[in-house]
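Below is one structure; the comments refer to it alone.
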Amino acid sequence: MRRIDRKTGMLATIGFIVLITALLLGGCASGNQPSKPVESENTPASQSDAGGEQQASVQPEASQAEAPQAKEITIEYWTTGPYKNVKGFDTPNNGDYEKIKLEQFQKIHPNVKVNFQYVAPGAVEQKVTVALLGNNPPDILLDSFDRRLPKYVKFNKTESLNALFDASFQLDDFNQVLINLNTYDGEIFALPLTSSFNAFFINKTIFKEKGLEHLIPENRDWTFEQWKDILKQVSGDGIYGTAIYAGNEQADEGFLNYLFNAGAEQWDQNSEKIIMADYPQAAETIQLFKDLEKEGIIPPGGANMKLEDVNQLFLQGKVAVINLAPTLYNIVAAGKKDGSVKEDIELYGMRPVHASGQEPRTSIVAQGYMVFKQDDAYKKEMIFELLRYMASTESVKAMGESLLYAPSRTSSVYELPDHPDMEALMGVMSGVQRFNLGTTSPYYAEVRQLWFPALQSALLGNKTPEQAVADYTAQANALIEEKSKKEN
Amino acid sequence: MRLMQDKWRQYGWGYVFIFPNLMLLFVFYLYPLLNTFRISLFDYGLGGAHFIGLDNFTHLIQNTVFLRSLRNTILFAALIVPVVVIVSLILAGLMQGLNQKAKSWYRMLFYLPDICTAVVLTMVWEWMFNMNFGLMNYLVGLVGLGPFQWLGSPSIAILSICFAVISWSLGRPIILYLASIDGIPKELYEAAEIDGASPLRKFFGITVPMIGNTSLFIVITSTIAVFQLFVVIQILTGGGPFRSTETLVFTIYRTAFVSVEFGLAAAQSVVLFVVILAIALLQLKWFKPKTD
């Protein structure tokens, strides 16, 4: 018995090893393959090959076009969508509203399965990059498209969405500024949903308690001199005028706002080169904040603080003025309900602080859909159908209203009966121009990483503001030059 | 031939049983390791992969960010590993004389951070180091000092990170030392007592030499762990202020996922591998004769 067992065991051993080895080598081979098409990915033929690997069931284009309507397909849907607490829907978490809409879509199209995945905004860059390198990106990505799209377009990773628009889904209904943000050589690469801008917010209660309410400008506009004078008067007794943060790359959104409104520029007009060193206002503004810290007008440690820290200080009633998106109205309202925000915070929206004689400017962040390369014509059509459904007039309105973001569609405009201050703010912000954050550069993400260490070195006295700005400009331009040389 | 067949008959089943594990080792460790070596020879990004030989390594020699990260990592290892080894040995030595119940209590106390993830522990330290509403400044404020920027200047930030890492790195070495100390024959201590040896003399004359292998293991694993510091840097400082606390793994991460230069990141990983290997071999060489 034992002898038989040994012989059988031997055969089983060999068979087992051969089978597992074959399976694993097969797996390794296909796992290894993605690196091969990447080598020649710029050619359309290789892209089609790559897609073929990703979806084993994908059929040749010709037969797909003839595919019956009932063909079963799976759509990978990734989102960093910030929308929650949408009116009329139980949606307390990010992505909840989208999930409901996707379920509704799947009921209408039972042959379509949508795999939903919420991705934390801080992780999306990494996750999508890895997925692209592995040739398994999502089919659809809802994200701040203006920040990431240029890179994907440069490497031919995303689909043109021109065919998305038709008589029932008219391009004219969409905000042309947002459309232009994602148009390259006449091809539209993203479907905008909403957008937001940065403004300044005063906690009126602090001013009232200090008897300084008369300092709040009625026209919601202030120059650096007025702003500094107001902050000086409101500071003290545990209250700071404002707060800054340079602890991570988000420092560009918050801090650059001051630099731009002082008259400085970061990128040239075509977002090809950093020109900050040409503007003495940049170093002067950094010096201004160093002085404010010394005078106790801003809290110490701004060089290491993050956006959340500053928000926290404002929501605790320790900071009088903050620079953020109008969604702050909703954050405060929700926080008052759950007790996480001080009860008596009363917001008053202001135009961005600016140099005397200079028109204020602000940054815009736009959210919307991108579609990664598709090989299956029917699937692509269903993806477009899904996008039309998700970006319907009602949906865009609901998503925009949930965060007080501007809807991308003219037909989705909503009223603000519960937010009179927001309405007043929108009135004064309407003429404010957008400044160039360089988001159309394919190297935006990398250059962004260079700014906050430069700002930290200036704020902490490791370098003079002039040195920091000059070094940042030189480093960023060297990086852009090296990257474009390598990639072109 | 016959001998080989006999051996195969004798040990065949053994190979079957270890085969699944070997394959997992191959798929999840060996294959990625070998592939990292391969990728390090390519310019590998979203635009494609092109063979460039050793260019990535040449680039690293001139790359100040990488060299600073390497220096920082070595500095972290030099500061953290000796403290972890010495403090855990002292604590284990002190706990040796306690009764079983007290020993278990302290063992649990020191091991507790090990069951938390590094992310959670780092977030707690992030709050403690916060300049405006952190515990550290509250405590020093009680004696009229501060507030301090615990992560504000490069030197203080490095020390703060070391302090945080050491605080949660003691548990495992203490457990290992306690187990190792318990394994030392009691006769040696009894003989020393008869000879009139003091507790300190017994500790350095018997305990320390007898747990040499454990010390070697702790030194090597702690060094490897410190060379792989990432989460604490990512959450606490983001590599700042002005890149002064970036470690090798953090730089590898940024090179791969922010700059999308996977070839260069792979080359950095190869350097990290070689450095860790070299240090581990040196440590083995230094400690081995004492433990034989």
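The values are calculated or read from the model by the stated rules, or taken from the named source; none is laboratory data. This structure is a prediction, so every number in the text was calculated from the model and none was measured. Cβ placement follows ideal geometry from the backbone for every residue including glycine, while neighbour counts extend to all protein chains displayed.
Couple of notes before you dig in:
- Some residue of the range B:234-246 being in a helix (DSSP H, G or I) and away from chain A (no Cβ under 11 Å): no
- Restricting B:S160, B:S155 to those that are of a type in the set (S, T, Y), within 14 Å of chain A (Cβ to nearest Cβ) and crowded, with 19+ Cβ neighbours inside 10 Å reduces the list to B:S160.
- Any hit, the range B:73-89, residues being closer than 23 Å to A:N304 by Cα and within 14 Å of another protein chain (Cβ to nearest Cβ): no
- Matching residues, the range B:93-137, being over 22 Å from B:V231 (Cβ atoms), within 14 Å of chain A (Cβ to nearest Cβ) and assigned to a helix (DSSP H, G or I): B:N137
- Given (1) surrounded by 20 or more Cβ atoms within 10 Å (Cβ to Cβ); (2) within 23 Å of A:W451 (Cβ to Cβ); (3) in contact (Cβ under 8 Å) with a residue 12 or more places away in the chain; (4) within 14 Å of chain A (Cβ to nearest Cβ), index of the condition B:Y253 fails: (1)
- Against the criterion of being farther than 21 Å from A:P453 by Cβ, touching a Phe, Trp or Tyr at 6+ places or on another chain (Cβ under 9 Å) and away from chain B (no Cβ under 14 Å), A:N270 does not qualify.
- Looking only at the range B:257-281, and only at residues there that are under 20 Å from A:V124 (Cα atoms) and more than 8 Å from chain A (Cβ to nearest Cβ), the one that is modelled with the highest pLDDT: B:A265
- Hits in the range A:323-348 - residues which are out of contact with any strand residue (DSSP E or B) (no Cβ under 7 Å at 6 or more places or on another chain) and not in a loop (DSSP other than H, G, I, E, B): A:N330, A:I331, A:A333, A:A334, A:G335, A:K336, A:K337, A:D338
- Where B:I52 falls short, out of the listed (1) over 26 Å from the mean Cα position of the chain (by Cα); (2) on the phi < 0 side of the Ramachandran plot; (3) without any contact (Cβ under 8 Å) to a residue 24 or more places away in the chain: (3)
- Test result for A:L141, among the aliphatic types (A, V, I, L, M), in a strand (DSSP E or B) and over 30 Å from A:T242 (Cα atoms): yes
Here's the yes/no breakdown for (1) exposed (fewer than 13 other Cβ atoms within 10 Å of the Cβ); (2) over 32 Å from the mean Cα position of the chain (by Cα):
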position: B:R2; (1), (2): yes, yes
position: B:V16; (1), (2): no, yes
position: B:F19; (1), (2): no, no
position: B:V27; (1), (2): no, no
position: B:L34; (1), (2): yes, no
position: B:I74; (1), (2): no, no
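- So A:R448, is it touching a helix residue (DSSP H, G or I) at 6+ places or on another chain (Cβ under 8 Å), of a type in the set (D, E, K, R), within 13 Å of chain B (Cβ to nearest Cβ) and buried (at least 20 other Cβ atoms within 10 Å of the Cβ): yes
- The set of residues from the range A:398-420 being surrounded by fewer than 19 Cβ atoms within 10 Å (Cβ to Cβ) and part of a helix (DSSP H, G or I) comprises A:T410, A:S411, A:P420.
- Any chance B:T214 is in contact (Cβ under 8 Å) with a residue 12 or more places away in the chain, surrounded by fewer than 23 Cβ atoms within 10 Å (Cβ to Cβ) and part of a helix (DSSP H, G or I): yes
- The single residue among A:F89, A:F116, A:F105 that is farther than 18 Å from A:M370 by Cα, touching a helix residue (DSSP H, G or I) at 6+ places or on another chain (Cβ under 8 Å) and not in a helix (DSSP H, G or I) turns out to be A:F89.
- The range B:1-48 - residue that is of a type in the set (V, I, T) and in contact with a helix residue (DSSP H, G or I) (Cβ under 7 Å, 6 or more places away or on another chain) and, of those, farthest from the other protein chains (Cβ to nearest Cβ): B:T36
- Put simply, of B:A197, B:A164, B:A179 the only residue that is assigned to a helix (DSSP H, G or I), out of contact with any Phe, Trp or Tyr (no Cβ under 7 Å at 6 or more places or on another chain) and at negative phi is B:A179.
- Of the residues A:E423, A:E385, the single one that is surrounded by fewer than 19 Cβ atoms within 10 Å (Cβ to Cβ) and in contact (Cβ under 8 Å) with a residue 24 or more places away in the chain is A:E385.
- Pick from the range A:294-311, criterion within 8 Å of chain B (Cβ to nearest Cβ) and in contact with a Phe, Trp or Tyr (Cβ under 6 Å, 6 or more places away or on another chain), ranking: modelled with the lowest pLDDT: A:M305
- Look at the range A:312-325: where a residue is away from every other protein chain (no Cβ under 14 Å) and a partner is polar (S, T, N, Q) and part of a strand (DSSP E or B), sitting 6+ places away or on another chain with Cβ atoms under 9 Å, you get A:A320/A:N203; A:V321/A:N203; A:I322/A:N203; A:A325/A:S196.
- The set of residues in the range A:443-488 being farther than 19 Å from A:L259 by Cα and without any contact (Cβ under 8 Å) to a residue 12 or more places away in the chain consists of A:N462, A:A478, A:E481, A:E482, A:K485, A:K486, A:N488.
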